[in-house]
Amino acid sequence: MSGPPRFVSPFHGPRCLAAAAAPAGKAKLTHPGKAILAGGIAGGIEICITFPTEYVKTQLQLDEKANPPKYRGIGDCVKQTVNSHGVKGLYRGLSSLLYGSIPKAAVRFGMFEFLSNKMRDETGKLDSKRGFLCGLGAGVAEAVVVVCPMETVKVKFIHDQTSANPKYRGFFHGVREIVRTEGLKGTYQGLTATVLKQGSNQAIRFYVMTSLRNWYKGDDPNKAINPMITGLFGAVAGAASVFGNTPLDVIKTRMQGLEAHKYKSTMDCAIKIMKHEGPKAFYKGTVPRLGRVCMDVAIVFVIYEEVVKVLNMVWKTD
């Protein structure tokens, strides 16, 4: 006579036991070395695509009302530049920015991944507040190491090319002349404004990117994100940073131009702009900057993420 029927639990069995014992998914971390390499590649490609908008933005910001203004707007600036120097005129000063964009993005992403790896929780997740702090640290690092000297040279180049008798024949000649006449500090004009600008820039961008990524991934920290979605998130992050810190960008540009001697400090520059040109001057170049930055951030994040994927296949760091 058989015994009572045996109850078999629906949770019984090796497969179910393994599933029950499996730990919750943990987000994969990006090695800082991969971030440096991927960031450098992304930065170099991005600047070649977007430089003309940076050129126009800088021209409009240097175009003070007191002169009187040389350009009536974005279209007029492009038209005058192309008429005078051809399409290649929109790429004047590219070399100085290209030489800096590669190490700038490398330092930015390398520092961000280094800091974020330290600040993630036990599941590997980085919340938006910590993303803000990591972005701030990345922005300050890139400002001091790369951006300030690079931007100073770039602004001087563009400003010099619009003068009646340009004195810089090329990147290295320009750097040599700046250092010879002004010393090394000549490449660090507007450091305070640059640190404020880059720190706030990256803090805002990485805060927005971290928030959007966390929202999209939900409970799955390793959920893949389509490059189109990454680009959209990057464009939103870029737009947020533009509206958040364009006044600092205008001040930084003035502090690094050939007329920088007119300002005693960052605060003095801000006061004089407000006094002589009004509050609207703090948003000069916003439209071309908006276009460039949205493309910039979108392109950089997409390329960065895709290069990291390739590096993960060929460079094992676990």
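The values are calculated or read from the model by the stated rules, or taken from the named source; none is laboratory data. Small disclaimer: the values here were computed from a predicted structure and weren't measured. No Cβ is skipped: glycine too gets one built from the backbone with ideal geometry, and neighbour counts run over all protein chains shown. Heads up: the accessible areas ignore ligands, DNA and RNA and are worked out on the full protein's heavy atoms, side chains in. Shrake-Rupley method; radii C 1.70, N 1.55, O 1.52, S 1.80 Å.
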Quiz item: What GluC sites (Glu not before Pro) does segment 50-138 have in DSSP loop regions with at most 14 other beta carbons within 10 Å?
Solution: E122
Practice problem: Could you order V314, V307 by accessible surface area, starting with the largest, using a probe radius of 1.4 Å? | Solution: V314, V307
Quiz item: So what does M274 come to for accessible area, using a 1.4 Å probe and Å² rounded to 10?
Solution: 90
Practice problem: Give the Rg/Rh ratio for segment 123-247, taking Rg as the radius of gyration of the Cα atoms and Rh as the Kirkwood radius, to two decimals. | Solution: 1.13
Exercise. Can you tell me the FRET efficiency between M267 and T181 if r is taken as the Cβ-Cβ distance and R0 is 35 Å, rounded to the nearest 0.05?
Key: 0.85
Quiz item: When you take every Cα atom in segment 192-307, what is the radius of gyration, and what is Dmax, the widest Cα pair distance, in Å?
Solution: 17.0, 55
Self-check item: Contour excess over end-to-end distance, with Cα ends at H85 and K309 and 0.36 nm allotted per residue
Solution: 76.5 nm
Quiz item: By Kyte-Doolittle mean hydropathy of at least -1.0 and Cα axial length of at least 18 Å, which whole DSSP H helices of the chain are selected?
Solution: 32-62, 94-119, 128-142, 148-161, 191-217, 227-256, 286-314
Exercise. Over segment 192-307, calculate the relative contact order: mean separation of alpha carbon pairs under 8 Å at least 6 apart, over the residue count, as a percent.
Key: 37
Quiz item: Any idea of L98's accessible area? Nearest 10 Å², probe 1.4 Å.
Solution: 50
Quiz item: Computed FRET efficiency, Cβ-Cβ of Y283 and S95, R0 35 Å: what is it to the nearest 0.05?
Solution: 0.75
Practice problem: Over the chain, give the accessible area per residue in Å² for a 1.4 Å probe, as an integer. | Solution: 51
Quiz prompt | Alpha-carbon Rg with Dmax, taken over segment 46-164, Å | solution = 18.5, 61
Quiz prompt | segment 201-306: GluC sites (Glu not before Pro) in DSSP coil with no more than 13 other Cβ atoms inside 10 Å | solution = E259
